[in-house]
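Novice: Quick one: the structure is below, and I'll ask about it shortly.
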Amino acid sequence: MPPPYRLVRPAPAVVAPVVLDDAQRRVVEHRRGPLRVLAGPGTGKTTTLVEAVVARIEAGADPESILALTFSRRAAAELRMRIAARVGVTMREPLARTFHSYAYGLLRRAAALRGDPPPRLLSGPEQDAVIRDLLAGQAEGKGSVVWPERLAVAVTTRGFASELRDLMLRAYERGVPPRQLDEWGRRRGRDDWRAAARFMQEYADVTALAASHSVAMDPAELIRAAIDLLRTDAETVDAERARLRSVYVDEYQDSDPAQDELLALLAGDGRDLIVVGDPDQSIYAFRGASTQGILDFPERFRQADGAPAPTVALTVCRRSGAGLVDASRRVISHVSGPRRQEHRDLAPVGAYASEISVHVLTSASQEAAYIAHRLREAHLREGTPWSRMAVLVRSTSRQLAVLRRAFVSAGVPVAVNSDELPLSEQPAARALLDILDAAVPPEGEDPEQWPSHFDEALAVALLTSPLGGADALTMRRLRQQLRRAAAAAGDELSSGTLVVAALREPGDLLAVDDRAAAAALQVAGLLATARRIAAEPGATVEDVLWAVWQESGLGARWQRASLHGAPAADRDLDAVVGLFDAAARFVDRLPKVGPRAFLDHVRSQQIPADSLAAKAASGEAVRVLTAHAAKGLEWD
Ligand SMILES: Nc1ncnc2c1ncn2[C@@H]1O[C@H](COP(=O)(O)OP(=O)(O)O)[C@@H](O)[C@H]1O
Ligand SMILES: [Mg+2]
């Protein structure tokens with residue numbers, strides 16, 4: 001018998017506590033009842049929350065009786081890490097979680113008690129696929145939803161689908177059922193609202209049907225479903241209230257009305273509830289968050305004797321120097337906020353040099369070159385480690401390419417969290433999708449022919465992708481030799497045209513020496529495989545991708561690299577697993593549509609699909625990320 005192995009998680013290293021200031025100490029020592037902490041960035045809100053949790057546990061409280069909630073997976077992971085580092089034990093049930101994960105846990109437990117399978121969550125791309133599918137059917141007059149005449153041309157567009165999804169989200173968050181929306185539409189004479197109400201109903205029916213053995217749920221419905229459960233199931237609500245002694249919420253400015261309601265059901269009875277946040281840092285308004293929650297907190301969450309909850313302000317900023325604090329105060333003074341604003345009067349401590357400068361440059365590439373130059377200077381002259389610097393951008397997927405080029409040519413190592421990029425932008429997944437793109441003609445084109453959009457740019461992308469593996473030198477050699485061979489045959493075609501032709505008809509590559517030909521032969525082979533499989537009757541995108549992946553042999557290579565500790569290989573494998581996952585779900589849901597539809601679907605994703613865990617970019621590199629992703633993190 002093989003020896004039994006046990007996976008043991010290393011105990012987290014214990015870090016020493018910081019010395020709290022007076023206001024922080026007041027929060028940690030707060031016992032009994034609701035408390036609101038308002039404070040600006042870097043004042044130690046999260047630190048204080050962590051210390052409060054640690055103090056409870058050290059005073060003998062059962063960790064299971066404490067719940068710390070926040071809004072993004074990243075923030076929850078960070079909170080868990082910081083608590084674990086202070087307590088020095090790993091907890092069985094995660095004590096810090098997102099509202100969504102908490103709500104899901106509740107529903108799953110309730111389902112288990114009833115003997116039902118756990119609810120299954122739809123991913124964002126799945127929701128989009130279902131919505132667009134329904135809309136397409138409705139445009140052809142199928143189903144019960146009739147959109148007003150004036151919207152007819154819009155119904156099948158991507159924009160309409162995303163507007164509709166947004167409307168449904170808002171309705172879920174505010175607890176507006178289809179009935180109510182229909183009623184409002186009737187009273188206001190809005191036939192579009194009424195159609196949307198019927199659509200919501202149809203969507204709910206379809207998603208429930210699609211997974212008949214378990215309840216498939218839109219994540220937006222999750223909080224509502226948990227609220228309904230707590231409202232209707234006395235046993236569950238009693239058990240939760242008996243279990244939870246103290247509840248903490250970090251980044252409370254990001255709550256939406258549904259989350260506030262869930263909180264009120266759990267801890268609105270005057271028990272220990274500490275919320276911390278900064279109304280000036282609300283970043284999720286685009287998905288329905290509203291600072292009303294944090295502003296109304298004292299009135300809504302009252303102490304046992306009926307008095308409004310007290311507020312504590314933290315005002316010592318430990319993250320930024322005087323210059324930065326001063327500038328942010330000037331900006332924020334133009335933004336309306338709560339009536340009392342002690343939390344805006346920050347006093348910086350610590351000797352940070354903080355210099356703010358504005359540079360106006362004329363193009364994106366100049367901008368990138370300038371930033372690369374500044375980073376190099378900071379690293380080489382001032383000795384700032386790469387990993388202590390970050391570049392914030394509006395959109396990682398749009399700006400990354402330019403930045404990456406500038407950084408690479410300036411020798412600046414760069415890292416991007418893989419969950420910052422939509423799946424279709426991750427190099428490994430993109431290479432497989434590009435094969436699909438070059439091999440399978442879009443609808444309306446002759447399936448026997450190559451896609452008409454298969455051009456030089458796509459050919460070069462394929463050749464230099466992880467699948468082709470060509471570098472700049474190989475590319476140059478390939479072009480030269482193809483041109484020479486063509487000229488000898490009396491053809492004066494551009495090297496770009498010849499490269500595309502060689503990938504379609506690898507016979508041309510006979511005239512090219514081995515080294516230059518290897519990458520092209522590899523890509524040509526993969527394209528041929530993709531076309532062969534796609535042409536088989538009933539072939540799904542999964543079949544095509546799988547055949548290409550198998551043939552590429554990259555799986556084994558990356559696995560070896562990953563075992564030798566190469567983070568890039570880990571990330572690439574992750575992206576490919578993510579892609580196959582998405583393909584499997586797509587085929588599951590829409591078995592009859594062809595491989596091309598999957599391509600459009602994945603590429604239309606503007607926002608990264610929720611990955612299972614936020615994968616931190618590690619190592620010595622400058623991070624490129626959006627302001628949303630940067631919140632709560634620190635650099636020099
Ligand atoms: N009392 C304290 N003494 C020293 N450093 C502190 C103290 N409180 C917080 N810090 C440090 O200040 C920084 C910002 O703290 P953090 O809790 O992340 O702020 P916030 O959540 O308000 O943005 C962290 O590096 C933290 O370690
Ligand atoms: Mg924080």
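The values are calculated or read from the model by the stated rules, or taken from the named source; none is laboratory data. What you see is a predicted model; the values in this text were computed from it and never measured. Because the Cβ atoms are built from the backbone with ideal geometry, glycine has one as well, and the counts that use them run over all protein chains shown. Just so you know, the surface numbers come from the protein's heavy atoms only, side chains and all, with ligands and any DNA or RNA stripped out. Shrake-Rupley method; radii C 1.70, N 1.55, O 1.52, S 1.80 Å.
Novice: Taking the Cα-to-Cβ direction at A627 and at A152 and moving 7 Å from each Cα, how far apart do the two end points lie in nm?
Specialist: Output for this residue pair reads 4.3 nm.
Novice: Now for a different question. Whenever you get a sec, line up K592, K45, K631 from highest to lowest accessible area (probe 1.4 Å, protein heavy atoms).
Specialist: So, going from the largest accessible area down, we get K592, K631, K45.
Novice: Can you work out the FRET efficiency for the pair D116 and R241, with r the C-beta to C-beta distance and R0 = 30 Å, to the nearest 0.05?
Specialist: 0.80
Novice: Given 4 °C and 1.567 mPa s, how large is the Stokes-Einstein diffusion coefficient of the stretch 365-477 in µm²/s, with Rh as the Kirkwood radius over Cα pairs? Before the final figure, lay out each step's value.
Specialist: Values: Rh = 16.5 Å.
Estimated via Stokes-Einstein, D reaches 78 µm²/s.
Novice: For V393, enumerate residues with amide H under 5 Å from its amide H, sequence gap 5+ or separate chain, H modeled in the peptide plane.
Specialist: L625, T626, A627
Novice: Could you compute the FRET efficiency for D600 and D21, with r as their C-beta to C-beta distance and R0 at 60 Å, rounded to 0.05?
Specialist: Once the sixth-power term is evaluated, E becomes 0.65.
Novice: Lys and Arg at +1, Asp and Glu at -1: add these up for the other residues within a Cβ distance under 13 Å of R477 and post the number.
Specialist: +2
Novice: Provide Rg over Rh for the stretch 120-213; use the alpha carbon set for both Rg and the Kirkwood Rh (inverse mean inverse pair distance).
Specialist: Value, to two decimals: 0.95.
Novice: Shifting gears a bit: Suppose all protein chains stay in the model; what accessible area per residue would a 1.4 Å probe give for the stretch 120-213, in Å²?
Specialist: Value returned for the stretch 120-213: 55 Å² of accessible area per residue.
Novice: Taking 2.2 N^0.38 Å as the expected size of a compact globular protein, what ratio does the Cα radius of gyration of the stretch 423-603 give against it, to two decimals?
Specialist: 1.06
Novice: For L510 and R376, compute 0.36 nm times the residue count separating them, minus their Cα-Cα distance, and round to one decimal in nm.
Specialist: Working it through step by step, the gained length comes to 43.7 nm.
Novice: May I pose another question? Within the stretch 354-394, list the residues whose amide N lies under 19 Å from a label point set 7 Å along Cα→Cβ of S409.
Specialist: Inside the label zone: 361-377.
Novice: Would you rank V577, V27, V206 by solvent-accessible area, highest first, keeping every protein chain in place and using a 1.4 Å probe?
Specialist: V577, V206, V27
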